[in-house]
Amino acid sequence: MNYIVLSRKWRPKNFDQVVGQEHVTKILINAISTNKVSHSYLFSGPRGVGKTTVARILALKLNNIESIDRSLDIIELDGASNRGIDEIRDLKDATKYVPIEGRYKVFIIDEAHMLTKEAFNALLKTLEEPPAHVVFILATTEIQKIPSTISSRCQKYDFKKISLDSTVAHLDDIINSEGYSSEPQALRAIASKSDGSLRDALSLLDKVFSISDKQVTYSIVKDILGIVDEDIYLNLIQEMIKGNAASVITSVNSTLDSGIAPSIFIDGFTKYVRDSICYLVMHRSELELSLDSKGFLDGSKPYLGKFRQALSLCISYTNSNTLSVISLENLFLKLLDLFLAEQQRSKLEPQPVSLLEQKDNVNQDSNADSKDFSVKKDRVNLDTVNLGVNSIEKAWKVFLKKIESDNLRLYCVLEKISISDSSDGRCALDISGLSKYDSNLISDKLESMQESIAEIYGKKINLFFRKERKVEDSLVAQNKENQLDKVSEPEDDKKMDFEEHPLIESAVSDYNGKIIK
């Protein structure tokens, strides 16, 4: 007897055998039991999730028969092969004939999105008002290609991907029925690789059955599917955080040399990064991560932002069957730069500063700017220290250095500010050189700025803003006023000369007039 592949051998024959589509089967069962059957259905969803299977079961139940193979009342068409207007005309002619055995003549059109525009137009009227004995069932993986004039005439059902747990449970039932034993990790690997397609999962299980000795082990599945060990991905991220470029490239090349395709490698790494982000954000313990990975991630929360950037980079490289080794190496060098930037930022971030000079030394030292500014981990109580202008300026420089690495936009604004005065824990900042927009920006950041400086010194310094009017500006304004005065004086003189002119006086006298302006 010829071998029958698992996807055909274990194809559901009843609605209750369909996996993961209860939201569809429940409605169809009720429609049949209450005799509220629509004249046209449209099933859409990913490949291998049961669209055609449910269409066949629905056709069988409508006609109350056991098998579809020899039925003359169930006609199944492949939209990819019968996509022209001539085939649709033949189909329309077939709708005129009443069913021979059952109650309905059912037309199943698989891959309906492959029909031509002309074929869809020819089907419109028949689909809208078919004979009472006709039921159309259209199935497609690309619902967006179905014209709205067609979809609006159908009862639409969206099929979803099969969940990981449902796929594993179904695979386990089939393996036990076939007389095999299995490892849970192997089944989860197959289910994860199938990406919600039960047909793909059964095809992969067929491959495993062909080389296994009544036992489905993870080692066999890993070799067949080309799965990369999670430890390799974990080690890559650890080496990138350390900044070890040589180790990263060596690890990538050694993995590819073992026969792993670059596209498979990057798909697996992308999924690992995604799971890592989910674990860091939601702490989901059910994720497919080892204890070593979870332990590492528990101490890696500062790198969450870099993980997100890494995921964006990885996604741009996925779904590419032509990905080369050089492209993959370039990707990991970019990822290495991401984590190196985080390391450098952490190193440049200033630690709490300790002032070693006492009050007299601070006030008397006129060359404080040229001395080294000590940075210590331990803080000194500054309540007894009177901070002079020079030390405030040093504090401001340290603070700017911190802002430069954290917020470049804010740094560009703060760089234009100068310290105009400081005393008794208060520091005046001259913002006369800022625009109105920049002034509003730093006003919103005032509280956080004070907190940052407090972290550096261990003592809060009250900051406030001031607009200083420079001497040069005052001189310019005074000069403008003087010029205006000088200009106004000749105008008055000219007015007086005009009124006293002999001709003007004579005209006013002769005509008994007066000067208006």
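The values are calculated or read from the model by the stated rules, or taken from the named source; none is laboratory data. Keep in mind the model is a prediction, meaning the values are calculated, not measured. Reconstructed Cβ throughout: ideal geometry from the backbone, glycine too, with neighbour counts over all protein chains shown.
Numerical summary
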item: Test: residue in region 205-214 that is at positive phi and among the small types (Gly, Ala, Ser); result: no
item: Selection count, region 134-191, where residues are closer than 26 Å to Ile227 by Cβ, polar (S, T, N, Q) and over 28 Å from the mean Cα position of the chain (by Cα); result: 5
item: Selection within region 194-245 - β-branched (Val, Ile, Thr), touching a residue at least 40 places away in the same chain (Cβ under 8 Å) and under 18 Å from Ser7 (Cβ atoms); result: Val216
item: Residue satisfying all of: in region 185-227; touching a Ser or Thr at 6+ places or on another chain (Cβ under 6 Å) and not in a helix (DSSP H, G or I); farthest from Ile266 (Cα to Cα) among these; result: Gln215
item: Condition met for Lys156 (assigned to a strand (DSSP E or B), touching a residue at least 24 places away in the same chain (Cβ under 8 Å) and surrounded by fewer than 19 Cβ atoms within 10 Å (Cβ to Cβ)); result: yes
item: Among the candidates Ser247, Ser219, Ser192, residue that is in the same structural domain as Gly305 (by TED's automatic domain parsing) and either in contact with a helix residue (DSSP H, G or I) (Cβ under 9 Å, 6 or more places away or on another chain) or among the charged types (D, E, K, R) (or both); result: Ser247
item: Hits in region 105-135 - residues which are touching a strand residue (DSSP E or B) at 6+ places or on another chain (Cβ under 9 Å) and in a helix (DSSP H, G or I); result: Ala112, His113, Met114, Leu123, Thr126, Leu127, Glu128
item: Filtered residues of region 159-172 (kept if among the aliphatic types (A, V, I, L, M), assigned to a helix (DSSP H, G or I) and in contact with a helix residue (DSSP H, G or I) (Cβ under 8 Å, 6 or more places away or on another chain)); result: Leu164, Val168, Leu171
item: Leu138 being over 25 Å from Val5 (Cβ atoms), assigned to a helix (DSSP H, G or I) and either touching a residue at least 40 places away in the same chain (Cβ under 8 Å) or not assigned by TED's automatic domain parsing to the domain that holds Leu205 (or both); result: no
item: Complete set of residues in region 242-267 that are within 19 Å of Lys306 (Cβ to Cβ) and surrounded by 17 or more Cβ atoms within 10 Å (Cβ to Cβ); result: Val248, Ser251, Val252, Ile266
item: Filter result for Ser151 (touching a Leu at 6+ places or on another chain (Cβ under 8 Å), of a type outside the set (Asp, Glu) and surrounded by 13 or more Cβ atoms within 10 Å (Cβ to Cβ)); result: yes
item: Arg11, sole failed condition from (1) more than 27 Å from Glu142 (Cβ to Cβ); (2) of a type outside the set (Ser, Thr, Tyr); (3) assigned to a loop (DSSP other than H, G, I, E, B); result: (1)
item: In region 330-348, residue modelled with the lowest pLDDT [restricted to those that are under 18 Å from Gln238 (Cβ atoms) and charged (D, E, K, R)]; result: Glu342
item: Hey, Asp69 assigned to a loop (DSSP other than H, G, I, E, B), loosely packed, with under 13 Cβ neighbours inside 10 Å, acidic (Asp, Glu) and in the same structural domain as Ala119 (by TED's automatic domain parsing) or not; result: yes
